[in-house]
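What follows is a single structure, written as structure tokens, with notes after it.
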Amino acid sequence: MRIFSTKLKELRLGKKLSQEELSKKLDIPRTTIAGYESGARSLPREARLKQIAQFFNVSVDYLIGYSDEENNTEDLQAQIISIIRSADLHFNNQYIFSNDEKEKIIAILLNLTNLPIIERKIVLGMLEKMAKST
């Protein structure tokens, strides 16, 4: 909890925002922001953590201390989009994916970038097993 408090305050100050300004931008009461930063309030629920992480362009894992890397998700997402759209994706060197199918693949991968690290590793492990069986 202390890690979240510290990171939230550092990120807010890094953007030169007061608690009141952040409160308005996130539509979260200022007293709630103050409680998070002081450690008086418990860790927010997942939806609010995602909201805060997206605002600061960091991962939820960074916010709660599971990762030391801010993990700029926008850069990762831009890379995913660029790679998938520009590649000739195929399955078993036989079936080439259409642009609509590529967009669906992009949507799946973008959702993956928003998962906490533990869940991301589980999904990636499942995908690796599926890839080996084809």
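The values are calculated or read from the model by the stated rules, or taken from the named source; none is laboratory data. This is a predicted model, so every value here is computed, not measured. Every residue, glycine among them, receives a Cβ derived from its backbone with ideal geometry; neighbour counts consider all protein chains shown.
Is it fair to say residue 28 is at pLDDT below 90 and either assigned to a strand (DSSP E or B) or out of contact with any His (no Cβ under 8 Å at 6 or more places or on another chain) (or both)?
Values: at pLDDT below 90: no; either assigned to a strand (DSSP E or B) or out of contact with any His (no Cβ under 8 Å at 6 or more places or on another chain) (or both): yes.
For residue 28, the condition - at pLDDT below 90 and either assigned to a strand (DSSP E or B) or out of contact with any His (no Cβ under 8 Å at 6 or more places or on another chain) (or both) - is not met.
Residue-by-condition table, conditions (1) outside the structural domain of residue 114 (by TED's automatic domain parsing); (2) aliphatic (A, V, I, L, M); (3) within 24 Å of residue 121 (Cα to Cα); (4) part of a helix (DSSP H, G or I):
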site: 7; (1), (2), (3), (4): yes, no, yes, yes
site: 13; (1), (2), (3), (4): yes, yes, no, yes
site: 16; (1), (2), (3), (4): yes, no, no, no
site: 22; (1), (2), (3), (4): yes, yes, no, yes
site: 36; (1), (2), (3), (4): yes, no, no, yes
site: 40; (1), (2), (3), (4): yes, yes, no, no
site: 44; (1), (2), (3), (4): yes, no, yes, no
site: 48; (1), (2), (3), (4): yes, no, yes, yes
site: 51; (1), (2), (3), (4): yes, no, yes, yes
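Only one of (1) at pLDDT below 80; (2) hydrophobic (A, V, I, L, M, F, W, C); (3) surrounded by 15 or more Cβ atoms within 10 Å (Cβ to Cβ) fails for residue 87. Which number is that?
Checking residue 87 against (1) at pLDDT below 80; (2) hydrophobic (A, V, I, L, M, F, W, C); (3) surrounded by 15 or more Cβ atoms within 10 Å (Cβ to Cβ), the one that fails is (3).
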